[in-house]
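Novice: Please read through the structure below; I'll follow up with questions.
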Amino acid sequence: NAGVMQNPRHLVRRRGQEARLRCSPMKGHSHVYWYRQLPEEGLKFMVYLQKENIIDESGMPKERFSAEFPKEGPSILRIQQVVRGDSAAYFCASSRKTGVGGYTFGSGTRLTVV
Amino acid sequence: KQEVTQIPAALSVPEGENLVLNCSFTDSAIYNLQWFRQDPGKGLTSLLLIQSSQREQTSGRLNASLDKSSGRSTLYIAASQPGDSATYLCAVQEDQGAQKLVFGQGTRLTINP
């Protein structure tokens, strides 16, 4: 059981480029959540997905950010035209069913925009 | 809107001491509360999960209590060790159907040898 796998661990992008963050949930988990942690702050919910469906994106910025969880393959968090304020740690979590048994988090992707 | 607060923001104690970390939440109607540990530059490790119907959970030297009516949880660490140094986060889930966890900002704990 490899746990929740996120890659890359570290990502450096220049302003205006696109960032793609990947998350593979734990085996048997069909629910994926993305959180963002800004420097010296707690984690903030961004989006909740099930296979091929976005269930709750209430925490996603309205522009430049998108997420998907295709039928095959990992969940992707995409940030277009990155700005310095996007620099943060992005964590993915997965669960078997909503709210049951807690969540398992990945190690995160640390995005630095230069 | 649920808000989670953790006090203190940072704590430094000598090795061997017992200590208590505090977490409070504004809306007592929660489904569960979870304590996590985060090491610098790393992800989150789940320590204890307390369902709303439970009063406490124990794992080794860790004990977490939950008082829903007063909106409080405490994490008790017995006989602290330098390896316990990390940031401790509490998070609440508001109902079974809710997908998101609401996190506190964490307590940064340093155990001095």
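The values are calculated or read from the model by the stated rules, or taken from the named source; none is laboratory data. Here the structure is a predicted model, which is why all the values come from computation and not from measurement. Neighbour counts are summed over all protein chains in view; Cβ atoms, including those assigned to glycine, are modelled from backbone coordinates with ideal geometry. For accessibility, only protein heavy atoms count, side chains too; no ligands or nucleic acids. Shrake-Rupley method; radii C 1.70, N 1.55, O 1.52, S 1.80 Å.
Novice: Any residue at all in the stretch A:66-75 that is in contact (Cβ under 8 Å) with a residue 12 or more places away in the chain, farther than 21 Å from B:G43 by Cβ and within 14 Å of chain B (Cβ to nearest Cβ)?
Specialist: no
Novice: Let me ask another. Can you pull out the residues in the stretch B:19-44 that are touching a strand residue (DSSP E or B) at 6+ places or on another chain (Cβ under 7 Å) and open to solvent by 70 Å² or more (accessible area, probe 1.4 Å)? Please lay out each step first, then the result.
Specialist: Initial filter on the stretch B:19-44 (touching a strand residue (DSSP E or B) at 6+ places or on another chain (Cβ under 7 Å)): B:19-25, B:30-39, B:43-44.
Selection gives nothing.
Novice: Please find, within the stretch B:101-113, the residue that is farthest from the other protein chains (Cβ to nearest Cβ) out of those that are part of a strand (DSSP E or B) and within 15 Å of the chain's Cα centre (by Cα).
Specialist: The residue in question is B:L109.
Novice: Looking at the stretch B:2-9, is at least one residue modelled with pLDDT of 95 or more, polar (S, T, N, Q), buried (at least 17 other Cβ atoms within 10 Å of the Cβ) and in a strand (DSSP E or B)?
Specialist: Yes, the stretch B:2-9 contains a residue that is modelled with pLDDT of 95 or more, polar (S, T, N, Q), buried (at least 17 other Cβ atoms within 10 Å of the Cβ) and in a strand (DSSP E or B).
Novice: Follow-up. Select from the stretch B:22-49 the residues that are in a strand (DSSP E or B) and among the hydroxyl-bearing types (S, T, Y) and write down the one among them that is nearest to the other protein chains (Cβ to nearest Cβ). Talk me through it step by step, then tell me what you get.
Specialist: Kept after step one, since they are in a strand (DSSP E or B), are these residues of the stretch B:22-49: B:22-25, B:32-38, B:44-49.
Subsequent filtering for residues that are among the hydroxyl-bearing types (S, T, Y) retains B:24, B:45-46.
Values: B:S24: 14, B:T45: 8, B:S46: 6 Å.
Here the answer is B:S46.
Novice: Considering only the stretch B:50-100, state which residues are touching a residue at least 40 places away in the same chain (Cβ under 8 Å), part of a loop (DSSP other than H, G, I, E, B) and buried (at least 16 other Cβ atoms within 10 Å of the Cβ). So that I can check it myself, show each step before the final result.
Specialist: First, pick out the residues of the stretch B:50-100 that are touching a residue at least 40 places away in the same chain (Cβ under 8 Å): B:68-82, B:86-96, B:98.
Now drop any that are not part of a loop (DSSP other than H, G, I, E, B), which leaves B:68-71, B:78-81, B:94-96, B:98.
If the condition is that a residue be touching a residue at least 40 places away in the same chain (Cβ under 8 Å), part of a loop (DSSP other than H, G, I, E, B) and buried (at least 16 other Cβ atoms within 10 Å of the Cβ), then B:K68, B:G71, B:S80, B:E94, B:A98 are the ones that fit.
Novice: Something else now. As an exercise: evaluate A:R110 against (1) within 14 Å of chain B (Cβ to nearest Cβ); (2) within 25 Å of B:C90 (Cα to Cα); (3) open to solvent by less than 10 Å² (accessible area, probe 1.4 Å) and give the number of the one condition it does not meet.
Specialist: Unmet condition: (3).
Novice: Could you go through the stretch A:94-102 and let me know if any residue there is free of Cβ contacts under 8 Å to residues at least 40 places away in the same chain and either assigned to a strand (DSSP E or B) or β-branched (V, I, T) (or both). Outline the logic, then answer.
Specialist: The first filter runs over the stretch A:94-102 and keeps only residues free of Cβ contacts under 8 Å to residues at least 40 places away in the same chain, leaving A:99-102.
Applying the additional criterion that residues be either assigned to a strand (DSSP E or B) or β-branched (V, I, T) (or both) yields A:100.
Checked the stretch A:94-102: at least one residue is free of Cβ contacts under 8 Å to residues at least 40 places away in the same chain and either assigned to a strand (DSSP E or B) or β-branched (V, I, T) (or both).
Novice: Among the residues of the stretch A:89-104, which ones are open to solvent by less than 60 Å² (accessible area, probe 1.4 Å) and either away from chain B (no Cβ under 14 Å) or on the phi < 0 side of the Ramachandran plot (or both)?
Specialist: Residues satisfying the conditions are A:A89, A:Y90, A:F91, A:C92, A:A93, A:S94, A:S95, A:T98, A:V100, A:Y103, A:T104.
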